[in-house]
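I have placed the structure first, in the form of structure tokens, so that the comments after it can refer back to it.
The values are calculated or read from the model by the stated rules, or taken from the named source; none is laboratory data. Keep in mind the model is a prediction, meaning the values are calculated, not measured. Glycine gets a Cβ as well: all are built from the backbone with ideal geometry, and neighbour counts include every protein chain shown.
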Amino acid sequence: MGVLTDYFRAPDAAAVVRAMERDDRMLVGGRDPVFDGVEAKRVDPNVVLAQLVAAIRREPWRVDLVADAPVWPTTAPPGPEGLEDEDDPWVTGPWVTELDTATRDALAGVPDDLVPEAVARWARAEELGGVDPEFLLPLAEELIALARRARAAGEQLYCWICL
């Protein structure tokens, strides 16, 4: 089972919740995307995206490097016994998290001439399995461009996640 992840920008969490209430499927891509975003299959925010942020900042990855806050579902997460309820949105997804401003700004602030070097470091992350940096470069450039548009518009970055 693969994890689907999309990154997008939005003015605030309320706009994301309104969009999810209308249709909880993908918010980017397709013919009529709800938000400006990037499809980034299997690039979870806390490990794989955080590896890119660490590479940009030239620092080691750590578990709390990318801070995020849940936006969707809007209900309280269930206790351990509730995780067995197959109808609970916390079990089934999709989920949306808001990424911290520091992550947006790290991506947005990397100089263009340093992107290939950062991507080469990112490609060495164990979670990426030795992928060729040339394969990752277009995705990194898309994520960086998205972060730059978000910062210029005063918006936040969000991650939509689905199993």
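Residues that are of a type in the set (Asp, Glu) and out of contact with any helix residue (DSSP H, G or I) (no Cβ under 8 Å at 6 or more places or on another chain) within the range 119-154 comprise Glu126, Glu134, Glu142, listed in sequence order.
Close contacts from the range 115-127, counting a first residue that is over 18 Å from Ala145 (Cα atoms) and a second that is of a type in the set (Gly, Ala, Ser) and surrounded by 14 or more Cβ atoms within 10 Å (Cβ to Cβ), with Cβ to Cβ under 6 Å and a gap of 6+ residues or different chains, come to Arg121/Ala55.
Which fully enclosed helices (runs of 4 or more DSSP H) of the range 58-163 have 3 or more residues being touching a strand residue (DSSP E or B) at 6+ places or on another chain (Cβ under 8 Å)?
Details: elements: 89-92, 101-109, 115-123, 133-153.
Result: 101-109, 133-153.
The residue that is modelled with the highest pLDDT, among those in the range 27-38 that are crowded, with 18+ Cβ neighbours inside 10 Å and either acidic (Asp, Glu) or part of a loop (DSSP other than H, G, I, E, B) (or both), is Phe35. The set of residues in the range 56-104 that are loosely packed, with under 12 Cβ neighbours inside 10 Å, more than 24 Å from Glu117 (Cβ to Cβ), modelled with pLDDT of 80 or more and charged (D, E, K, R) contains only Asp64. Can you name every residue in the range 114-163 that is within 30 Å of Val17 (Cα to Cα), surrounded by 16 or more Cβ atoms within 10 Å (Cβ to Cβ) and of a type in the set (Gly, Ala, Ser)? Within the range 114-163, Ala140, Ala147, Ala150 qualify. I need the full set of residues from the range 1-26 which are in a loop (DSSP other than H, G, I, E, B) and among the acidic types (Asp, Glu), in order please. Of everything in the range 1-26, those that are in a loop (DSSP other than H, G, I, E, B) and among the acidic types (Asp, Glu) turn out to be Asp12, Asp23, Asp24.
Every listed requirement among (1) modelled with pLDDT of 90 or more; (2) under 10 Å from the mean Cα position of the chain (by Cα) is met by Ala15 save one, (2).
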